[in-house]
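The values are calculated or read from the model by the stated rules, or taken from the named source; none is laboratory data. This structure is a prediction, so every number in the text was calculated from the model and none was measured. So basically every Cβ, Gly included, is an ideal-geometry build from the backbone, and we count neighbours across all protein chains shown. With ligands, DNA and RNA removed, areas are computed over all heavy atoms of the protein, side chains included. Shrake-Rupley method; radii C 1.70, N 1.55, O 1.52, S 1.80 Å.
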Amino acid sequence: LDLELDLTKNFLVTGASRYEHYSDFGSTFNYKFSSRYNFGDHFSLRASVSSGFRAPSMQQKYYAKTNTLFVGTPPAPVQAGTFTNDSKLAGLLGIPKLKEETSHNYSLGFTAKPSTGFEITVDAYQIDIKNRIIYTNNFSDKPGTPIRAILDAAGANTAAFFTNAIDTRARGLEAVFSYAKKFAKKQSLRTTLAMTFIDNEVRKDANGKPIIHASDILLNG
């Protein structure tokens, strides 16, 4: 559902909602609200807020393989295995099954036309992602344990997984400056300068430590 309304000649407000149902991950309802206000013909201010949802991809849910990696000095071969989240090994490590990522997005920007042919567009944004899926480090265990028995049966020395491990925040600023000049009836020159600044970070708690969503075994391993 998408609605758009001109409250006044210069003030535009829009709203949108989206409902989705996934057989593996349940239902989700997301929204977006945005607005734009024109201060005359040469300056406009705009803003938006929205939520997002991303179900795990097929490879994140089902990919499983053992690769040979060479690590250390001198390099020594290690059989590194990737296991699914619904495997017995994941259960022994206390790794929960994959779930969806959710996000909240905020943006604020403006467009301006200081002079004929000269246009400026600047937008700042923030994207907060919760339960982001990442690929873990490699984990192993000592001989004689159930974990090591599964690794040996799979021909692997270590195990890694896709898991909803972290919350992240992305902040950015995008700016575009363009100038168009006509020299003759069929000749013109358009020059554009674009800049992008992005800062991605893992969300941290009050003690300055990354917020990790994982089992105690992985946190202590």
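If only the Cβ of Lys and Arg carry +1 and only the Cβ of Asp and Glu carry -1, the dipole of the range 162-204 around its Cα centre is close to 520 debye. Beyond 26 Å in Cα-Cα separation lie the following of the pairs LYS65/LYS209; LYS65/LYS204; LYS88/LYS209; LYS113/LYS185: LYS65/LYS209; LYS65/LYS204; LYS88/LYS209. Using only side-chain charges placed at the Cβ, +1 for Lys and Arg and -1 for Asp and Glu, the dipole size of the range 1-55 relative to its Cα centre rounds to 160 debye. Overall, the range 1-98 carries a charge dipole of about 280 debye about its Cα centre when +1 sits on the Cβ of Lys and Arg and -1 on the Cβ of Asp and Glu, all other atoms neutral. Using a Gaussian network model of the chain in which every pair of alpha carbons under 10 angstrom is joined by a spring, one finds that among ALA76, ALA194, ALA154 the greatest mean-square fluctuation is at ALA76. Here is how the number arises for the chain: DSSP H runs of 4 or more residues each give -39500 (n - 2.57), the sum is divided by the residue count, and the result at 222 nm is -2500 deg cm²/dmol.
For ASP6 and PHE29, a Förster radius of 22 Å and the Cβ-Cβ distance give a FRET efficiency of 0.25, rounded to the nearest 0.05.
Since only LEU189, PHE161, ASN138 are under comparison, the one whose Cα sits farthest along the positive direction of the charge dipole of the range 126-221, derived from C-beta charges on Lys, Arg, Asp and Glu, is LEU189. Against the set (i) 7, 28, 34, 22, 8, 2, 0; (ii) 8, 29, 25, 19, 13, 5, 1, 0; (iii) 7, 21, 23, 19, 14, 10, 5, 1, 0, the structure's computed P(r) over Cα pairs in 10 Å bins from 0, in percent falls on (iii). Surface analysis of the chain yields an accessible area of 66 Å² per residue, using protein heavy atoms and a 1.4 Å probe.
Taking packing as the residue-averaged number of other Cβ atoms within 10 angstrom, the listed peptides 64-71, 136-143 run from highest to lowest as 136-143, 64-71.
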